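Values in this text are rule-based calculations from the coordinates and carry no lab data. Nothing here was measured: the structure is a model prediction, and the numbers come from that model. Quick reminder, even Gly has a Cβ in these numbers, built from the backbone with ideal geometry, and neighbours come from all protein chains shown.
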Amino acid sequence: MPSSLVKTVVFVLLASIGSFLFGLLNDLDVFKPLPAPSLGGETRGGTTTTTTPPGFVCRTLARETAIGAEDIITITPSILLAGTDDRLRLWENARFGPAKTPQGGLLAIYDDEEEERKEGGKKGEEGITIEPVPLVNFPEGIAFHPHGMYYHRETSKLFVINHAYEKGGERIDVFHLPFTTITSSRSRSSRRMRLVHARWLYVLAPPIFQAECMGTLNDLVVLHSLPAAAAGGKEGGREPRREDELYVTHYRAFPDAAAGRLVPGNILAGVHDLLNFFSIVSRRRWTRVLYCKGNVCRPTEINGKQGGGVLFNGINVSPDRKRLLVADMKSVQVLEIDPSLPLSLHRLAHLPTPHLVDNIEGIRSETEGGREGGGEELESYTLGSCGHLWMFLRHNLHYAGQAHGDRAMVYNITGGVQRLQREGGTEGEYVVKEVLLQDGSGLSGVSGAAMLSRFSSSSEGGERRERYVMGSWSDRGIMVCEKQEMKEMKEEEEEDGGVQEGEGKEEL
């Protein structure tokens, strides 16, 4: 072989390897700058307050009760719901796994600030209440490890992906959420809505979940469902679960073993874990969106091909039910739904994002009249986001070698919120913007983000207050961040006699 040809082959080979490595490092966010460290932190009880990210005041609540609040969904403009579970023990530490991971649960997050003001509270008090939601009639002997969730407002049903493994299999548990109203003894005008409980109705567990999706379903949207029957039975002569129509994302191409993800001595489970890692680093579009009608589910095709995602994750649906929005690594795919051909999706857009996207949550806002539970659903979404993927990998590699299930805070993962919205009306284009990115000290491994958006008569001019609420797939706590207007920041500076250099001088 001529030496010139050898040199050419070697050059092409080295260039290909270099290009692959550069692309991999770029995908891992190695070249992305880190956010500024937290400044002005203050801890009182279980609440940590900080003035960073710039232009925001953030608090971390419920460190003791909220662990692994991976998905946060909107019930009303002032009520959110989070699923909690110790996913590090469940997935990343072979010494625990499903057999030794405690049961997960549900937490309700209430915006009570307006009610506290009516009862004589002062502006600036926390105004956020976080309470567990009891599970009623949940089957005995079934594990509860919640992941993605969807609230179907028309029927008040909650659909929860549950990785029960050997104690129930891969499944979607369906609950009914009843409400009650509490009137304060101090003020008749103060009325607080509360979730009474989550009453279990039935389960969706089609064969494809057990054969191809064990431990790998991620998120879902429900297009249609019948009202909940009084005892979870038939409604109007029809079986409710048979009428459920939904799309589910499948975020790992190769399933877990029935005993868990990391099973010592299980060769197939180890091979599947390596294949999933390979599929991501090689950018194979092997993950799927499933379409389900009751207990019958099949993979969809996107532009005529199965698969379509490197890491299909969070999913949501447009208010008119015509488009799916699906997280895929550092992008969001917009897929058109054809009601007559629900298994055939058409890709309308592939939107790049500054950071990796996990969950996608629609924003609901109260009207100025303040009707609880009502409000207009805008073509706008919050994106729970991981800032630096290399930190995520470092965190998991560190934790896998530990002999206990406690957290090592030195391995924080940056994260925050991005915003996806459609500008220019129904025919406009989708735009993604960064809202905030924090260094992980307030909450590490952000995965879910939602917005508490209420018309507040206590704010100057009767303005709408918007607070971003974040949960983590692994860390403890719920993080709440509110944008701090320049006027408020200047007033605080004057009260404090000035601020440290670099604090409060930038508005995001």
Exercise for the section: In whole Hz, with x marking every Gly and Pro, tabulate ³J(HN,Hα) for the range 469-478 from phi via Karplus 6.51 cos²θ - 1.76 cosθ + 1.60, θ = phi - 60°. Expected result: 10, 10, x, 10, 5, 9, 7, 8, x, 10
Handout entry: Built amide H within the under 5 Å cut-off of Asp71, gap 5+
Key = Gly83
Exercise for the section: Read phi for every residue in the range 308-315 and hand back ³J(HN,Hα) as whole Hz from Karplus 6.51 cos²θ - 1.76 cosθ + 1.60, θ = phi - 60°, with x for Gly and Pro. Expected result: x, x, 5, 8, 4, 10, x, 9
Handout entry: Residues with amide H under 5 Å from that of Tyr202, placed H, sequence gap 5 or more
Key = Val174
Completion exercise
Phi-derived 3J(HN,Hα) across the range 327-333 with the Karplus relation (6.51, -1.76, 1.60, θ = phi - 60°), rounded Hz, x for Gly and Pro, is 6, 9, 6, 8, 6, 10, 8
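For a Förster distance of 30 Å, can you work out the FRET efficiency between the beta-carbons of Glu131 and Glu482, rounded to the nearest 0.05? Walk me through the numbers before you get to the answer.
Numbers: r = 21 Å, r/R0 = 0.69.
Between Glu131 and Glu482 the formula returns 0.90.
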Fill in the blank from the handout: Counting only residues 5 or more apart in sequence or on a different chain, those whose built amide H sits under 5 Å from that of Val435 are Val417, Gln418, Arg419
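Using a Förster distance of 35 Å, how high is the FRET efficiency between Ala15 and Lys305, based on the Cβ-Cβ distance and rounded to 0.05?
Working: r = 30 Å, r/R0 = 0.85.
Between Ala15 and Lys305 the formula returns 0.75.
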